[in-house]
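Chemist: This is the structure, below, for whatever I ask next.
The values are calculated or read from the model by the stated rules, or taken from the named source; none is laboratory data. These numbers were taken from a predicted model, which means no experiment stands behind them. As a convention, Cβ positions derive from the backbone with ideal geometry for all residues, glycine included, and neighbour counts pool all protein chains shown.
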Amino acid sequence: MRGILHRAADSSGDFLVLTHGASGNMNAALLVALADELAGAEVNVLRCDLPYRQRRPNGPPSPATAQEDQEGLQRALALMKSEFNRRAFVGGSSYGGRQASLLAASHPAVADGLLLLSYPLHPPGKPSQVRTSHFPELRISALFVSGSKDSFATIQELEAAIELIPARTELVPIDGASHGLAKPGSAAAIASKIKEKFLEFFA
């Protein structure tokens, strides 16, 4: 596992394993800002690269190695559980969040909750190709954050999709945001809003 640990001042608190989207890495501005925000609120955060990104610095993941990416998240969670003994959360942006949700669907005890940023509900322009087959298997609370101008899912599409999840859910819309959620220079403000919603939802 390759990552950066943002340790809270009181490290006895909850922890979050946070990862990136398909074209990015753990150093995305929003992920860095969010990890700092949460660590300041006593949530320990491991900001990490998925296995495919560890193998090569650029390029998208392959569907053939998605299982390896889920296993990478599972290893990261196990590592954090050995260090921190409070509640475990996992998630990330787009592809990373989707892999976290797939892992949670097949291994319900792996975490206590999901943070899904810009969940890629379907490929842009292909609303019939929804990625929700595992939603009915999710048994842990899930907090979704999505932009109102996200080409991978409209707010209305996501609202309908999360009805498939039998656990507690909430969708936080970010007005005017696209798939990346934060425009240049706005990462800190968006991260602060996500932090507040995270603390409220998982209180």
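Chemist: If I go through the range 89-111 residue by residue, how many of them are within 13 Å of the chain's Cα centre (by Cα) and surrounded by fewer than 21 Cβ atoms within 10 Å (Cβ to Cβ)? I'd like the intermediate steps shown before the answer.
Modeler: Step one: filter the range 89-111 for residues within 13 Å of the chain's Cα centre (by Cα), giving 89-104, 111.
Remaining after also requiring surrounded by fewer than 21 Cβ atoms within 10 Å (Cβ to Cβ): 102.
So the count comes out to 1.
Chemist: It is to be established whether one or more residues within the range 151-158 are without any contact (Cβ under 8 Å) to a residue 60 or more places away in the chain, closer than 27 Å to ALA88 by Cβ and touching an Asp or Glu at 6+ places or on another chain (Cβ under 8 Å). Step through it out loud before you land on a result.
Modeler: At the first step, the residues of the range 151-158 found to be without any contact (Cβ under 8 Å) to a residue 60 or more places away in the chain are 151-158.
The next check asks that each one be closer than 27 Å to ALA88 by Cβ; those that pass are 152-153, 158.
Restricting the remaining residues to those that are touching an Asp or Glu at 6+ places or on another chain (Cβ under 8 Å) gives none.
The answer is no, given that none of the residues of the range 151-158 is without any contact (Cβ under 8 Å) to a residue 60 or more places away in the chain, closer than 27 Å to ALA88 by Cβ and touching an Asp or Glu at 6+ places or on another chain (Cβ under 8 Å).
Chemist: Select from the range 39-58 the residues that are in contact with a helix residue (DSSP H, G or I) (Cβ under 8 Å, 6 or more places away or on another chain) and part of a loop (DSSP other than H, G, I, E, B) and list them in ascending order.
Modeler: Of everything in the range 39-58, those that are in contact with a helix residue (DSSP H, G or I) (Cβ under 8 Å, 6 or more places away or on another chain) and part of a loop (DSSP other than H, G, I, E, B) turn out to be ALA41, VAL43, LEU50.
Chemist: For ALA167, are the conditions met, namely being surrounded by 15 or more Cβ atoms within 10 Å (Cβ to Cβ), at pLDDT below 95 and not in a helix (DSSP H, G or I)? Before you say what the answer is, go through the steps one by one.
Modeler: Numbers: surrounded by 15 or more Cβ atoms within 10 Å (Cβ to Cβ): yes; at pLDDT below 95: no; not in a helix (DSSP H, G or I): yes.
Taking the combined requirement at face value, the residue does not satisfy it.
Chemist: Please name all residue pairs, on different chains or six or more residues apart, with Cβ atoms under 6 Å, provided the first residue is in the range 164-187 and is over 17 Å from PHE152 (Cα atoms) and the second residue is of a type in the set (Ser, Thr, Tyr).
Modeler: Matching pairs, first to second residue: LEU164/THR132; ALA167/SER141; ARG168/SER141.
Chemist: Report every pair of residues separated by at least 6 positions or lying on different chains whose Cβ atoms are under 9 Å apart, first residue within the range 27-38 and surrounded by fewer than 20 Cβ atoms within 10 Å (Cβ to Cβ), second modelled with pLDDT of 95 or more and part of a helix (DSSP H, G or I).
Modeler: Close Cβ pairs (under 9 Å, with a partner that is modelled with pLDDT of 95 or more and part of a helix (DSSP H, G or I)) amount to ALA29/ALA187; ALA29/ALA188; ALA29/ALA191; VAL32/ALA187; VAL32/ALA191; ASP36/ALA188; ASP36/ALA191.
Chemist: Out of all the residues in the range 59-88, which are of a type in the set (S, T, N, Q), in a helix (DSSP H, G or I) and more than 15 Å from the chain's Cα centre (by Cα)?
Modeler: The answer is THR65, GLN67, SER82.
Chemist: Another one. Within the range 119-151, how many residues turn out to be assigned to a loop (DSSP other than H, G, I, E, B) and either surrounded by fewer than 16 Cβ atoms within 10 Å (Cβ to Cβ) or of a type outside the set (Lys, Arg) (or both)?
Modeler: Of the residues in the range 119-151, 22 are assigned to a loop (DSSP other than H, G, I, E, B) and either surrounded by fewer than 16 Cβ atoms within 10 Å (Cβ to Cβ) or of a type outside the set (Lys, Arg) (or both).
Chemist: Show the residue pairs meeting these rules: Cβ distance below 7 Å; 6+ apart or different chains; first residue within the range 56-82 and under 11 Å from LEU103 (Cα atoms) and modelled with pLDDT of 95 or more; second residue outside any loop (DSSP other than H, G, I, E, B) and polar (S, T, N, Q).
Modeler: ALA66/GLN99; ASP69/GLN99; GLN70/GLN99; LEU73/THR19; LEU73/GLN99
Chemist: Could I ask something else about it? Can you name the number of the only condition in (1) surrounded by 17 or more Cβ atoms within 10 Å (Cβ to Cβ); (2) out of contact with any Gly (no Cβ under 9 Å at 6 or more places or on another chain); (3) farther than 19 Å from SER23 by Cα that LEU114 fails?
Modeler: So the condition that LEU114 fails would be (2).
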